[in-house]
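Take a look at the structure below.
The values are calculated or read from the model by the stated rules, or taken from the named source; none is laboratory data. Just so we're clear, the structure is a prediction, and the values are computed from it rather than from any experiment. When we count neighbours, we look across all protein chains shown, and the Cβ atoms used for this are built from the backbone with ideal geometry, even at glycine. Each accessible area value is taken on the protein alone, full model and side chains, heavy atoms only, with ligands, DNA and RNA left out. Shrake-Rupley method; radii C 1.70, N 1.55, O 1.52, S 1.80 Å.
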Amino acid sequence: MIVLEDVHMTLQSQAGPVNILRGARLRARAGERLAVVGPSGAGKTTLLMLMAGLERATSGLVQVAGQDLTPLDEDQLAAFRLRNVGIVFQSFHLAPSMTALENAALPLEFARDPHAADRARQALDRVGLARRADHYPAQLSGGEQQRVALARALAAGPRLILADEPTGNLDHATGLKVVDMLFDLVRQSGATLVLVTHDQGLAARCDRVAHMEDGVIQDQP
């Protein structure tokens with residue numbers, strides 16, 4: 001599902017070039033649950049953004065679901081994401097002027113799915129929020145907002161789920177509930193999960209853990 005080979009990511013700053021990724025290598029099988037752990041600034045989030053086609057590598061191979069992302073233009077990358085990738089962010093990133101149902105339906109609407117509303121309602125039902133479909137994010141708790149984000153990520157049936165510290169803005173008890181739901185939904189769908197986390201207990205629930213430091217993946221036991 002994922003092949004990263006000798007991936008470099010360098011950004012220019014007033015102080016000179018900043019090397020975020022320094023020859024990162026990573027592979028993940030279809031259906032695998034992979035955790036990426038490491039200190040802040042190690043390059044974990046950048047790695048996820050490359051997999052999603054939201055950032056571009058300076059050099060190296062970034063291949064996801066059999067597609068080399070390097071030659072794709074922005075429109076092609078957007079189409080690739082719609083077909084293949086669901087993303088769960090730490091900060092939810094829900095549109096405040098849209099209801100839970102409208103937020104969950106967004107990727108389906110972009111894909112011009114004629115059944116977007118019905119599929120989004122089914123996704124909300126899977127995360128236990130069918131009765132909150134017409135509520136706005138400000139009317140939902142943090143845990144409910146993250147569950148809407150889960151519904152949005154899974155509504156289109158993506159092959160790859162990328163989760164960046166999905167419990168980072170939640171209290172411990174709520175975070176556990178959201179994580180249980182995430183793993184259960186990934187298991188039911190058969191999707192591949194790449195999870196960035198600082199939580200070693202959460203990482204241990206995955207099939208494999210990749211340790212990252214200074215832009216390099218150190219080991220993948």
- [ ] Leaving ligands, DNA and RNA out of it, report the carbon-plus-sulfur percent of the accessible area of the chain at a 1.4 Å probe.
- [x] 49 percent
Task: Highest-MSF residue in the chain out of GLY143, GLY16, GLY128 [GNM, Cα springs under 10 Å] - done: GLY16
- [ ] For region 63-208, calculate the relative contact order in percent as a whole number, restricting contacts to Cα pairs under 8 Å that are 6 or more residues apart.
- [x] 27 percent
Task: GluC sites (Glu not before Pro) within region 1-100: DSSP coil, no more than 16 neighbouring Cβ in 10 Å - done: GLU32
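What does the accessible area per residue of the chain come to in Å², with a 1.4 Å probe and no ligands, DNA or RNA counted? Numbers along the way, then the final one.
On the way: 10610 Å² over 221 residues.
Here the per-residue accessible area is 48 Å².
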Task: Amide N proximity, region 31-54 versus GLN76 label position 7 Å along Cα-to-Cβ, cut-off under 15 Å - done: 53-54
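Counting only helical runs of four or more DSSP H residues, what would the 222 nm mean residue ellipticity of the chain come to if each run contributes -39,500 (n - 2.57) and the total is spread over all its residues?
Values: 7 runs with 76 residues, N = 221.
Theoretical 222 nm ellipticity from helices: -10500 deg cm²/dmol.
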TODO: Count charges around ASP6 for me, please; just the other residues with Cβ under 10 Å from its Cβ, Lys/Arg as +1, Asp/Glu as -1.
DONE: +1
- [ ] Report the net charge of residues surrounding ARG131, where surrounding means a beta-carbon distance below 13 angstrom and charges are Lys +1, Arg +1, Asp -1, Glu -1.
- [x] 0
Task: Local net charge near ASP180, Cβ-Cβ under 12 Å (Lys/Arg +1, Asp/Glu -1) - done: +3
